[in-house]
Amino acid sequence: MTTGAPTPTYPTRPRRSRLRTFLPLGVAAWLVLEIWLLTVVAGASSGFTVFLLLLAGFLLGSAVVKKAGRRAFQNLNEALQRGTTPQSGGNGLMMLGGLLLMIPGLISDAVGLLLLIPPVQKALGRFTERTLDRKLRAAASGGFGDAFQQARIHRPDGKVVQGEVIRDEAPGDDAPQDPRPPLTR
């Protein structure tokens with residue numbers, strides 16, 4: 001099927017987002033900084049001291065992740081017994097702090113220890129909640145139901161054709177409302 005528009009001789013590539021452009025550079029800079037800091041500390045003291053610091057960070061991080069996981073599971077069980085929704089209570093940030101402690105490096109250890117401080121957890125949790133609410137309000141004109149009704153068709157020439165899924169059946173029909181087609185062999 002042709003549309004009458006001439007097809008370009010070269011395919012146009014979609015524009016990359018800033019996050020996809022700068023995230024690998026940020027991760028590479030962070031890794032170089034971590035390795036440099038480890039070599040500076042090893043030169044000032046000894047390699048064995050750095051090894052003990054990394055081992056202590058891993059053991060402390062695994063203990064924190066285990067404790068936060070148990071607490072989250074206990075909160076989930078209590079909420080299910082009461083019939084209410086579970087409250088996170090900072091377990092996610094505690095798990096993130098423990099994970100950062102487990103990653104080898106002194107900067108990640110410092111950030112992980114910072115995330116274990118309760119006032120920092122509360123402030124970061126409030127900031128994250130406000131940011132998420134603001135972005136959801138800005139993005140959702142009709143809600144999540146409309147977001148799942150969107151369809152995109154990627155053509156071979158790189159163009160994206162947006163469309164909308166429309167069902168022919170009325171909601172009151174007696175036809176089964178199975179979202180998947182029947183399996184055939």
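Which ³J(HN,Hα) values, rounded to whole Hz and listed in residue order, are derived for region 122-133 from phi using the Karplus coefficients 6.51, -1.76 and 1.60 in 6.51 cos²θ - 1.76 cosθ + 1.60 with θ = phi - 60°, glycine and proline given as x?
Running phi through 6.51 cos²θ - 1.76 cosθ + 1.60 with θ = phi - 60° gives 5, 5, 5, x, 5, 4, 5, 5, 5, 5, 5, 4 Hz.
If you add up the charges near L76, with Lys and Arg at +1 and Asp and Glu at -1, over every other residue whose beta carbon is less than 14 angstrom from its beta carbon, what do you get? Could the numbers behind the result be given before it?
On the way: positive: R70, R71, R82; negative: E78.
Neighbourhood net charge equals +2.
Please list, by residue number, every one of the chymotrypsin sites (Phe, Trp or Tyr not before Pro) in region 19-81 that is coil in DSSP and has at most 11 other beta-carbon atoms within 10 Å.
Passing sites in region 19-81 do not exist.
For region 93-105, what does the Karplus curve 6.51 cos²θ - 1.76 cosθ + 1.60, with θ = phi - 60°, yield as ³J(HN,Hα) per residue in whole Hz, taken in order and with x for Gly and Pro?
These are the phi-based 3J(HN,Hα) values: 5, 5, 5, 5, x, x, 5, 5, 5, 6, 6, x, x Hz.
Once the Cβ-Cβ distance between A44 and V111 is put in as r, and R0 is 22 Å, what FRET efficiency do you end up with, to the nearest 0.05?
Working: r = 21 Å, r/R0 = 0.97.
The value I calculate is 0.55.
Quick one: net charge of V50's neighbours, Cβ under 13 Å, K/R +1, D/E -1?
Net charge in that neighbourhood comes out at -2.
Over region 50-100, give the accessible area per residue in Å² for a 1.4 Å probe, as an integer.
Working: 3390 Å² over 51 residues.
Per-residue accessible area for region 50-100 comes out at 67 Å².
Calculate the FRET efficiency for R130 and Q87 from the Cβ-Cβ distance with a Förster distance of 22 Å, rounded to the nearest 0.05.
0.80
Please give the net charge around N91, taking every other residue with its beta carbon less than 15 angstrom from that of N91, where Lys and Arg add +1 and Asp and Glu add -1.
+3
Pick out, in residue order, every one of the GluC sites (Glu not before Pro) in region 27-130 that is DSSP loop and has at most 14 other C-beta atoms within 10 Å; say none if there are none.
none
Could you pull the accessible area for L31 with a 1.4 Å probe, rounded to 10 Å²?
Its heavy atoms expose roughly 80 Å² to the probe.
The values are calculated or read from the model by the stated rules, or taken from the named source; none is laboratory data. Keep in mind the model is a prediction, meaning the values are calculated, not measured. Virtual Cβ from ideal backbone geometry, glycine too; neighbours counted across all protein chains shown. For accessibility, only protein heavy atoms count, side chains too; no ligands or nucleic acids. Shrake-Rupley method; radii C 1.70, N 1.55, O 1.52, S 1.80 Å.
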